[in-house]
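Beneath this line is the structure, given in structure tokens, with notes to follow.
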Amino acid sequence: MNELNIPAPVEEVNHPLIDKHGVHLSILRLDLIHPTIGGNKWYKLKYNLEEAKQQGHDTILTFGGAYSNHILSTAVAGNMFGFKTIGIIRGEEYQPLNPVLQLAVEKGMVLKYVPREQYRDKNNVAFVDSLHSTFGNFFLIPEGGSNELGVKGCEEILQFPTQPFDVVCLACGTGATLAGIIRSLKPGQAAIGFPVLKNGEFITNEVKKYISENGNNWSLQTQYHFGGYARQTIELNEFISSFYKATSILLDTVYTGKLLFGIMDMIKQDRFAAGTRLLAIHTGNKISMPSMIN
Ligand SMILES: *Cc1c(COP(=O)(O)O)cnc(C)c1O
């Protein structure tokens, strides 16, 4: 599974606001490693797929919403490495399929839609048993690829930056990627997570499940959710568009747009000491980006 261990480039961001406040900002472009399995999802899948193979499984089953990057990454990576894949999708089926599910199906993923109430109980033994009676044997990867093996993969994300940095910033859905990042910090480095869901404080406990000692080298900024998961505002969309004009870097509306908005806002408020070297992780992939270039 080394095909996707492609070094992700780091780009220096030049922006008048950043210069004015005397800080430095680079972006780790995980979005460039693959058009659909790009971003953090490959790192979360990597050791899960290895474990599935080792246990002799030929089928992967996982869970996600209708626009889930994880569902798509699992379909594409599963196909690439010879697994059958099953996606348990939250909510009802809509035809025609959106581009994410369309591509997942083209890669051979079998989709099963479950009502939202049932989806909420997806980790219950009885529900998983019912999936086994429908689909037989499979290796189960939790929603978002967020388990210990997923966190282990995310420890490898910070291997790419060759330039030193002080603070690494990333968007959080479940917090598993943040946990892997924290586990790989070097002394003197800190991480800041930007939850994209409302009431993102729950991420604290999620992260603590995976880290052995709770040091003071990480924190959350919970006020940049723009109303909740996948919610957008005109302000957010205008920011994404102006950031693209200034830097030629495209951000998605669900995760990385909120992250960079938050970072730039904190820079504006002088929340970082002059000279601080910030590293933002671009966890997105091409398919999740708005089309700003025609
Ligand atoms: C899934 C995803 C995240 C969130 O990762 P978690 O490990 O669940 O916190 C961040 N950015 C993008 C683009 C994603 O697809």
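Which trypsin sites (Lys or Arg not before Pro) in segment 171-248 pass both tests, a DSSP loop state and at most 15 other beta-carbon atoms within 10 Å?
Counting only loop positions with at most 15 other Cβ atoms within 10 Å, the trypsin sites (Lys or Arg not before Pro) in segment 171-248 are Lys198, Lys209, Arg231.
Quick note on segment 57-147: its Rg to Rh ratio, both from C-alpha atoms and Rh being the Kirkwood radius, is 0.93.
Within the chain, DSSP assigns beta bridges of which about 10% are antiparallel (rounded to the nearest 5). For the chain, the ratio of Cα radius of gyration to the globular rule of thumb 2.2 N^0.38 Å stands at 0.99.
Can you list the equivalent-ellipsoid semi-axes of segment 219-294, largest first and in whole Å, using the square root of 5 times each Cα gyration tensor eigenvalue?
Working through the eigenvalues yields semi-axes of 21, 15, 12 Å.
If the chain linking Arg116 and Tyr229 were pulled fully straight, counting 0.36 nm for each residue of separation and taking away their Cα-Cα distance, it would gain 39.1 nm.
In angstrom, the C-alpha Rg and Dmax of segment 1-64 are 17.4, 56.
Any idea what diffusion coefficient segment 73-222 gets from Stokes-Einstein, in µm²/s, Kirkwood Rh on alpha carbon pairs, 4 °C, 1.567 mPa s?
In µm²/s, the coefficient is 74.
Shape verdict for segment 157-267, please, from the Cα gyration tensor: rounded (a/c under 1.5), prolate (a/b greater than b/c) or oblate. Oblate is the answer for segment 157-267, as a/c is 1.5 or above yet b/c matches or exceeds a/b. Taking label positions 7 Å along the Cα-Cβ direction at both Phe202 and Asn98, the computed distance is 1.9 nm, reported to one decimal. Based on protein heavy atoms only, segment 1-90 ends up with 37 Å² per residue of surface accessible to a 1.4 Å probe.
To put it simply, the accessible area of segment 187-294 at a 1.4 Å probe is 48 percent carbon and sulfur. A cut-off under 11 angstrom between Cβ atoms defines the neighbours of Thr174, and their net charge, with Lys, Arg +1 and Asp, Glu -1, is 0. Post the alpha-carbon centroid distance, segment 49-97 to segment 124-163, in whole angstrom. Segment 49-97 and segment 124-163 have Cα centres spaced 10 Å from each other. Could you tell me how many degrees, from 0 to 90 and to the nearest 10, lie between the Cα long axis of helix 41-54 and the main elongation axis, the longest principal axis, of the Cα atoms of the chain? For 41-54 against the chain, the angle is about 40 degrees. In segment 1-138, the alpha-carbon atoms span a convex hull of 153 Å³ per residue.
Its Cα gyration tensor gives segment 219-258 an equivalent ellipsoid. The semi-axes, each the square root of 5 times an eigenvalue, are 19, 12, 8 Å from largest down. Relative to the first principal axis of the alpha-carbon coordinates of the chain, what is the inclination of helix 125-135, with its axis defined by its Cα atoms, in degrees from 0 to 90 and to the nearest 10? Computed tilt is about 60 degrees.
The values are calculated or read from the model by the stated rules, or taken from the named source; none is laboratory data. Just so it is clear, the structure is predicted and the values come from calculations on it, not from any experiment. Counting neighbours? That spans all protein chains shown, and the Cβs are built from the backbone with ideal geometry, glycine included. Please note that ligands, DNA and RNA were not included when accessible areas were found on the heavy atoms of the full protein model with its side chains. Shrake-Rupley method; radii C 1.70, N 1.55, O 1.52, S 1.80 Å.
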